[in-house]
Amino acid sequence: MKKCNTMKRGIFFFAICVLIASCSKSAIRHHICISQGWLFALDSMNTGEENRWNETGLPADVAERVSVPHTWSNMFSDPRQAVRYWCNGWYEKKLDIPKEFSGKLLQLQFDAVYHSAVIWINGKKAGKHLGSGYTKFYIDATSYLK
């Protein structure tokens, strides 16, 4: 019986060592919440990409400040938005990446997008998530950030 207990303790000790090693400083994940300070614009004519919104940013005359999660449904009480129900929407967020993140893998986590999303970072298409509404997905942002 003693041999079995010694073996169990050895396995337990090994498991603890593996757990500690996997939590080393290089394996630590940092999360930054970016739900505040977004700009949003409806694209009723589907010309945002043609007008290079992905490169130049959202036009000040159509963009409004929102926080995410965000729904468009409350916008449709505004008569200016009446013709824009079925269209694309653009969200824009500018942020500074801490210097200590340089050289590290950086991912954007989206917890839920209504149906489809194309993700642009610094004017470049970084990824997309199509036809899979309200499912969590990640975009590797590492090579797109400045």
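Please treat every number below as a calculation from the coordinates, not as lab data. Keep in mind it's a predicted model, so treat the numbers as computed, not measured.
In plain terms, the chain from HIS30 to ASP96 could stretch by 22.3 nm, reckoned as 0.36 nm per residue minus the Cα-Cα distance. Decide, for segment 104-146, between rounded, prolate and oblate: order the square roots of the alpha carbon gyration tensor eigenvalues as a ≥ b ≥ c, take rounded if a/c falls under 1.5, and otherwise choose prolate if a/b is larger than b/c, else oblate. Judged from the Cα gyration tensor, segment 104-146 comes out oblate (a/c at least 1.5, b/c at or above a/b).
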